[in-house]
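Heads up, the thing below is written out as structure tokens.
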Amino acid sequence: ACADYVSRDATNEQTVQMTVAEASISGALFDLPAGELKTAFGIFYKEDEYKYRPDAVLQVGCPDNCDIQGFNASDDVDGYDYNTDLYAELLVPLASGRRWAHSLDAVLGYRWSDYASVGGVNSYKAELLYRPVEAYLLRGSFQHAVRAPSVYELYEPQLGPTVFTNGFNPDPC
């Protein structure tokens, strides 16, 4: 009876589906004294679907003692999100074939992302690529990046204080 009380068989089912489409164009626009001005432009689309079905013994409010160590009780989760991104990048050669620089390039990048869940956000970067000799490359950059919540994080059930603590605290919103 004790072994039956502490042993459970449980199977959770997760389904994750991602659809991605992207179109881009890149190449040299024209020549500068230090080399070709290169660009890349594109559009990116991504769709995420997430479904989670906990076993009956792991569902919130199950009738029989549902406290299984290491698993949080959960309801079914169904989530969907999508985003469309437009991006551009520019590589500007500043110096080439000099005694002090095999090459020196500036890279500028910009991305606008429109998420169904959080709206429009901007990301950008500025880099310097310095190659004193052909074998070595030094890179310095400044970037502003945005991380939108995953589809699971968006639809994760809020279960209150009964959730096991594992170092990850769900977003209270």
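The values are calculated or read from the model by the stated rules, or taken from the named source; none is laboratory data. Computed from a prediction, not measured in an experiment: that's the story for all the values here. Ideal geometry is used to build each Cβ from the backbone, glycine not excepted, and the neighbour counts take in all protein chains shown. To get the accessible areas, we keep the full protein, side chains included, count just its heavy atoms, and leave off ligands, DNA and RNA. Shrake-Rupley method; radii C 1.70, N 1.55, O 1.52, S 1.80 Å.
Quick check on Tyr155: is it among the aromatic types (Phe, Trp, Tyr), modelled with pLDDT of 80 or more, closer than 30 Å to Leu94 by Cβ and more than 15 Å from the chain's Cα centre (by Cα)? Break it down into steps so the answer makes sense when it comes.
Values: among the aromatic types (Phe, Trp, Tyr): yes; modelled with pLDDT of 80 or more: yes; closer than 30 Å to Leu94 by Cβ: no; more than 15 Å from the chain's Cα centre (by Cα): yes.
Here the answer is no, as Tyr155 does not meet what is asked.
Take the residues of segment 124-153 that are open to solvent by 80 Å² or more (accessible area, probe 1.4 Å) and in a loop (DSSP other than H, G, I, E, B): which is nearest to Arg98 (Cα to Cα)?
The residue in question is Glu134.
Return the pairs, sorted by first residue and then second, in which the second residue is among the aromatic types (Phe, Trp, Tyr) and surrounded by 10 or more Cβ atoms within 10 Å (Cβ to Cβ), the first residue lies in segment 19-35 and is within 25 Å of Ser113 (Cβ to Cβ), the beta carbons are less than 6 Å apart, and the residues are 6+ apart or on different chains.
Note: pairs meeting the criteria are Ala21/Tyr45; Glu22/Phe44; Ile25/Phe41.
State all residues of segment 108-123 that are open to solvent by 40 Å² or more (accessible area, probe 1.4 Å), touching a residue at least 24 places away in the same chain (Cβ under 8 Å) and assigned to a strand (DSSP E or B); if no residue qualifies, say none. Show your work before the answer.
Pass one, segment 108-123, residues open to solvent by 40 Å² or more (accessible area, probe 1.4 Å): 108, 110-112, 114-118, 120, 122.
Still in the list and also touching a residue at least 24 places away in the same chain (Cβ under 8 Å): 111-112, 114-118, 122.
Selection gives Arg111, Trp112, Asp114, Tyr115, Asn122.
What are the residues in segment 1-51 that are within 30 Å of Ser103 (Cα to Cα), out of contact with any Ser or Thr (no Cβ under 7 Å at 6 or more places or on another chain) and of a type in the set (Ser, Thr, Tyr), if any?
Ser24
Just to be sure I understand, how many residues within segment 98-107 are exposed (fewer than 14 other Cβ atoms within 10 Å of the Cβ) and assigned to a strand (DSSP E or B)?
Taking segment 98-107 as the starting set, the residues that turn out to be exposed (fewer than 14 other Cβ atoms within 10 Å of the Cβ) are 98-100, 106.
Next cut, assigned to a strand (DSSP E or B) only: 106.
Residues that pass the stated criteria total 1.
Residue-wise test of (1) modelled with pLDDT of 90 or more; (2) open to solvent by less than 50 Å² (accessible area, probe 1.4 Å); (3) acidic (Asp, Glu).
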| residue | (1), (2), (3) |
| --- | --- |
| Asp4 | no, no, yes |
| Leu29 | yes, no, no |
| Thr39 | yes, yes, no |
| Tyr87 | yes, yes, no |
